[in-house]
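Peer 1: So that we are looking at the same thing, I have put the structure below in structure tokens.
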């Protein structure tokens, strides 16, 4: 069970396993908005104030995000602007 004010884990799972090409534009937009709100709620609340399940999930998501190229990085890479 997710913490109060957070996106439910079963909802997250359903969204992840449903292919994007079978979702409507409205569904994709809604997921984007609710994902952003969930990330913001997770960032504001320290891990020690979260349930164990929520803390583990947020920690895993932060780790994944740290290794995922964002849209700005993609543009910089395309233009050859990223120096590594």
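Peer 1: Being surrounded by 10 or more Cβ atoms within 10 Å (Cβ to Cβ) and either under 14 Å from residue 2 (Cα atoms) or at pLDDT 90 or above (or both) is the filter here; which residues of region 43-55 pass it?
Peer 2: 45, 47, 49, 50, 51, 53, 54, 55 - these are the residues of region 43-55 that are surrounded by 10 or more Cβ atoms within 10 Å (Cβ to Cβ) and either under 14 Å from residue 2 (Cα atoms) or at pLDDT 90 or above (or both).
Peer 1: Name the one entry in 60, 32, 5, 42 that is on the phi > 0 side of the Ramachandran plot and without any contact (Cβ under 8 Å) to a residue 40 or more places away in the chain.
Peer 2: The conditions single out 5.
Okay, residues lined up against (1) under 16 Å from residue 3 (Cβ atoms); (2) at pLDDT below 85; (3) surrounded by 13 or more Cβ atoms within 10 Å (Cβ to Cβ):
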residue: 15; (1), (2), (3): no, no, yes
residue: 23; (1), (2), (3): no, no, yes
residue: 29; (1), (2), (3): no, no, no
residue: 32; (1), (2), (3): no, no, no
residue: 41; (1), (2), (3): yes, no, yes
residue: 57; (1), (2), (3): yes, no, yes
residue: 78; (1), (2), (3): no, yes, no
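Peer 1: Quick one: which helices (runs of 4 or more DSSP H) lie wholly within the chain and hold at least 3 residues that are within 16 Å of the chain's Cα centre (by Cα)? I'd like the intermediate steps shown before the answer.
Peer 2: Values: elements: 9-17, 25-44, 52-66, 71-79.
So the answer is 9-17, 25-44, 52-66.
The values are calculated or read from the model by the stated rules, or taken from the named source; none is laboratory data. The structure presented is a predicted model; accordingly, all values stated were derived computationally and were not measured. With ideal geometry, Cβ positions are generated from the backbone for all residues, glycine too; neighbour counts draw on all protein chains shown.
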